[in-house]
Ligand code: ADP
């Protein structure tokens, strides 16, 4: 086992990796930019190295500084987390060339799966079904229209280098093609420095189901079952769960075997995820393989009992995976991504100081967060602040538990997605599992607007009554306005929210 590793990331995933290190008895080195000088991951790690200014291009994306920091601190390996440099083949290679271990797949496997077109070619060769479409980038508008007609509208233009839902455009007719192609290309160039775009048939009403795999250096490659991530906005996941209501044990075994075949074809080692679209008839198509730890890995951890991040480290250190046989998921897990976005305002990312943070707890609740009271939320980095994850015996119980946990959560100082999640959880379609990847977008109007005035007025009345009651109580107990007043705004806001949400649940 390594004695020390460097974590080339920030926020919740850096803390998650530090926790894995602590349990493995491995020392951790954090890195931080100017904006993160007081971030929790810096304090929690055994050592921390300043790597540059706030913009990630000058800090978390600067491979040279990261490798330098590892060398200076005597770290033997680098864990890249997700995002930033986690899926950059050149960085995995540079880490290896520097004589350090890379806690991830070989650079060659990252390259094989790094471009969506290359991955589609590889999957096809391995007998893995892919979404109908091209495996070569488009030359121009004419070719794009010809290909689209061949597969039939609607089609989806996708950036070959894509990720995070960027560089994608749905096209429904010839007339939309030129502007959509220019848009997809522009976004791809800006996000990935590569404007190659190809065509996939746009599949209507499927679910997003992905398979977690773990492969060691000794030839064992295991499927750990599925996660469903159909609750998406702009092709980005908001809520994930494991298992999926749409996957039977037989389908789980088949999709697992498919994912293992794709991973083996790429010479895969370490943790990875094969993403699929699944239709109502149980047909599924490979989308891509993510060659890193996923944001939503905790739901798999909770239903399998395996610590995926510890396994990433153990695999990189040369350990063998045990023979786990056919894994059956235990219970149900759900994750909500808590972001600093304002759903009532077009999901505009917000900034500010976390004035007050109260975390949910109790049975079956896990908080993977990167913030604390006093944290500054800036626009330099991803708006995901934390993940709230629950585990319970059944899906219904997990939904009730998540709802309860979200009500316990208070984040004051920045707008967050918390209330939006409550509304999704309250929706009959979500409760019955009747969702697809288009479901959320089609209901954004109803889910993202502020609560109905009648409910809000009643909730405000309840909150006022609660406050009056408290005032009376504090007078009797000898309290006086001065000190109490300071804590009143957050308490009042809390009471208001709880009352409003209780109202929402009843109606
Ligand atoms: P990215 O790497 O940018 O996340 P993906 O290929 O993983 O891109 O796709 C992201 C999401 O976009 C999927 O989860 C799915 O919701 C949607 N999507 C991707 N391909 C298709 C398709 N061919 N038809 C319909 N939806 C798609």
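For this structure, a couple of remarks:
- When residue 105 is tested against (1) within 15 Å of the ligand (Cβ to nearest atom); (2) surrounded by 15 or more Cβ atoms within 10 Å (Cβ to Cβ); (3) not in a helix (DSSP H, G or I), only condition (1) is not met.
- Members of the range 170-185 found to be away from the ligand (no atom under 12 Å from the Cβ) and either in contact with a strand residue (DSSP E or B) (Cβ under 6 Å, 6 or more places away or on another chain) or touching a residue at least 12 places away in the same chain (Cβ under 8 Å) (or both), listed by number: 172, 173, 174, 177, 178, 180, 181, 183, 185
- Filter result (within 12 Å of the ligand (Cβ to nearest atom) and not in a loop (DSSP other than H, G, I, E, B)) within the range 108-124: 113, 114, 116, 117, 119, 120
- Among (1) surrounded by 19 or more Cβ atoms within 10 Å (Cβ to Cβ); (2) outside the structural domain of residue 57 (by TED's automatic domain parsing); (3) not in a helix (DSSP H, G or I), the one test that residue 87 misses: (2)
- Of all residues in the range 143-169, those being more than 14 Å from the ligand (Cβ to nearest atom) and touching a helix residue (DSSP H, G or I) at 6+ places or on another chain (Cβ under 9 Å) number 3.
- In the set (1) in a strand (DSSP E or B); (2) away from the ligand (no atom under 11 Å from the Cβ), the condition left unmet by residue 210 is number (2).
- Scanning the range 270-300 for residues that are part of a loop (DSSP other than H, G, I, E, B) and under 19 Å from residue 7 (Cα atoms) yields a count of 6.
- Of all residues in the range 127-162, those being assigned to a helix (DSSP H, G or I) and touching a residue at least 40 places away in the same chain (Cβ under 8 Å) number 5.
- Residue 324 falls short on exactly one of the conditions (1) outside any strand (DSSP E or B); (2) under 26 Å from residue 83 (Cα atoms), and that condition is (2).
- Selection status of residue 260, more than 14 Å from the ligand (Cβ to nearest atom) and in contact with a helix residue (DSSP H, G or I) (Cβ under 9 Å, 6 or more places away or on another chain): no
- Extreme residue, farthest from the ligand (Cβ to nearest atom), among residues of the range 125-142 that are in contact with a strand residue (DSSP E or B) (Cβ under 6 Å, 6 or more places away or on another chain) and closer than 20 Å to residue 291 by Cα: 128
The values are calculated or read from the model by the stated rules, or taken from the named source; none is laboratory data. Just so we're clear, the structure is a prediction, and the values are computed from it rather than from any experiment. Virtual Cβ from ideal backbone geometry, glycine too; neighbours counted across all protein chains shown.
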